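Just so you know, all these numbers are worked out from the coordinates, no wet-lab data involved. Only a predicted model underlies this, so the values are computations on that prediction, with no experimental measurement involved. Every residue, glycine among them, receives a Cβ derived from its backbone with ideal geometry; neighbour counts consider all protein chains shown.
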Amino acid sequence: MGNIQLKRVTAPLQGEVYIPGDKSISHRAIMFASLAEGKTEITNFLDGEDCLHTIDIFKKFGVQIEQTGTNVIVQSKGVHNFEEPKVPLYFGNSGTTARLLLGLFSGIPYFTTMHGDQYLTVRPMDRVVNPLTKMGAKIEGRQNGKYLPIAVRGKQLQGMTYEAPVKSAQVKSAILLAGLFAQGNTTVIELAKTRDHTENMLRAFGANIKTEGLSVTIEPVDTLTPVNVTVPGDISSAAFLMVAGAIVPNSSITLKNVGLNETRTGIIDVMQKMNAKMTITNQREISGEWLGDITVSYSTLKSMTIDGSYMARLIDEIPIIALLATQAEGTTVIKDAEELRVKETDRIKAVVDVLSTLGANIEETEDGMIIHGKTALRGGNISSYYDHRIAMMGAIAALIANSEVWIDDTDSINISYPAFFEHLNLLCKQ
Ligand code: S3P
């Protein structure tokens, strides 16, 4: 039974909020700043739990990292002067940290052991362990390296060309990081273009990376060169508020400094196609990434089919899009989304459970879900599955429910958006 009551609203949402730093970019900024020799300043860093684990891990290699809220100063002697960690490294809930660092650790000359929380410990690591092993990596882990805990004896790897069988930026990034200090070039060929923050930022830190269509090639480097990073707001966090603005009657809200990298903006395309009223202003480029301000207003929504052609650009937004679809006229089909089964939790099952508890007309399919709208949502007791994006989706659904919604836990939200309720309250105040 849930013991936390979620807020309902009777008035429109209004006002503006500054969206906190992007989780993917914050992780990478800490990683590359730690590898580089010298000082890097990171601004608008996401001080969410996942990214704090990335900081703690690099401190164990002797890197000096000073974090004051969203400002971080990294002072490193460079990867060639790392200290070997004397203790097992803890990854918490962070799949991105675990998978990217499996790639990095495989190719640098240190022994590391990795473990995580009960959720990360059942997420598949073989999608990176198998290709890394082909590059010569020495990795031992539970069930042949499929799951954490895992130990890595880092060594010089051989570059390779890898056709990734899953659409995953984590897999692509892990292989590229393994290629960073390998012998010869490393190429990853993707099935669809996934988020390219690793490529953009490594380039800024001085690596030679070429992208041609779906193929990315990295040349080995000796060292990386520090460059200050300003992190754009996380569109995957903004997405929850964007949908709130679109479904709470008569709302109009502005979300400032949202990252608009085109590998991440599938949510904007989908919302516009579903007839959501949105405008994007103040578009500009900072630290090699586009950002802007998004204004979303309430409107009558219509259904659509979201298939594999969208998936890589909105994979983290499916839970909140499913909620949006409950408020759209017609049948929304979400397919080719089987990756959701191996996220922080099985998000297909979790979304269908939460939304059907709240009265939505939603069916689970093997690779997605089918939602018949528009349905008035009711109150109920929901589970967050200790998944930050399920908890935030539940909190936005509760806004428009016609009676009380209770949830078991909201702490998981600190993983990616610690200021979530504060921001929601700002928009709900009027
Ligand atoms: C991420 C890639 C995506 C995404 C995750 C962050 C990244 O995962 O779901 O939240 O920072 O590279 P996959 O690569 O598993 O799709």
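Per the helix-only calculation at 222 nm, which mean residue ellipticity applies to the chain, given -39500 (n - 2.57) for every DSSP H run of n ≥ 4 and division by its residues, nearest 500 deg cm²/dmol? Could you put the intermediate results ahead of the total?
Numbers: 14 runs with 134 residues, N = 430.
So the calculated ellipticity at 222 nm is -9000 deg cm²/dmol.
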Notebook entry, point to check: Measuring from centroid to centroid over Cα atoms, what is the spacing of segment 395-430 and segment 49-110 in Å?
Noted result: 31 Å
Note to self: Taking the alpha-carbon distance from K374 and a cut-off under 13 Å, which aspartates and glutamates remain once sequence neighbours fewer than 8 residues away in the same chain are dropped?
What the structure shows: E329
Item checked: Anchor K210: aspartates and glutamates whose Cα lies under 20 Å away (excluding residues fewer than 8 positions away in-chain) -> E163, E190, D196, E199, E219, D222, E262, E289
Checklist line | Cβ-Cβ FRET estimate between N250 and D336, R0 fixed at 30 Å, reported to 0.05 | finding: 0.30
Checklist line | Restricting segment 179-269 to GluC sites (Glu not before Pro) in coil, as DSSP defines it, with at most 15 other Cβ within 10 Å | finding: E262
Next item on the list: Could you list which residues have their amide H under 5 Å from that of N228, counting only those 5 or more apart in sequence or on another chain, with H placed in the peptide plane?
Entry: E41
Next item on the list: Can you tell me the relative contact order of segment 23-217? Whole percent, Cα pairs under 8 Å, sequence separation 6 or more.
Entry: 18 percent
Next item on the list: Enumerate by residue number the chymotrypsin sites (Phe, Trp or Tyr not before Pro) in segment 252-334 meeting two conditions: DSSP loop (anything except H, G, I, E, B), and at most 13 other Cβ atoms within 10 Å of the site's Cβ.
Entry: none
Notebook entry, point to check: To the nearest 0.05, what FRET efficiency results for N81 and A151 with a Förster distance of 30 Å applied to their C-beta separation?
Noted result: 0.85
Next item on the list: Starting at the first residue of segment 297-313, write each ³J(HN,Hα) from the Karplus equation 6.51 cos²θ - 1.76 cosθ + 1.60 with θ = phi - 60°, in whole Hz, x for Gly and Pro.
Entry: 10, 4, 7, 6, 10, 10, 6, 7, 9, 10, 10, x, 5, 9, 3, 4, 8
Item checked: Order by protection proxy (mean Cβ within 10 Å, highest first), peptides 277-287, 111-121 -> 111-121, 277-287
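So in segment 23-217, what percent of DSSP beta bridges are antiparallel if you round to the nearest 5? Display every interim value, and only then the final one.
Values: 26 of 32 bridges.
Of all bridge pairs located within segment 23-217, approximately 80 percent are antiparallel.
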Next item on the list: Would you work out the relative contact order for the chain, in percent, from Cα pairs under 8 angstrom that are 6 or more residues apart?
Entry: 19 percent
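Structure shown: which of K7/K277; K86/K256; K193/K302; K77/K167; K193/K429; K172/K335 lie over 32 Å apart, alpha-carbon to alpha-carbon? Please report the intermediate quantities before stating the final value.
Details: K7/K277 24 Å; K86/K256 42 Å; K193/K302 27 Å; K77/K167 35 Å; K193/K429 40 Å; K172/K335 23 Å.
Over 32 Å Cα-Cα: K86/K256; K77/K167; K193/K429.
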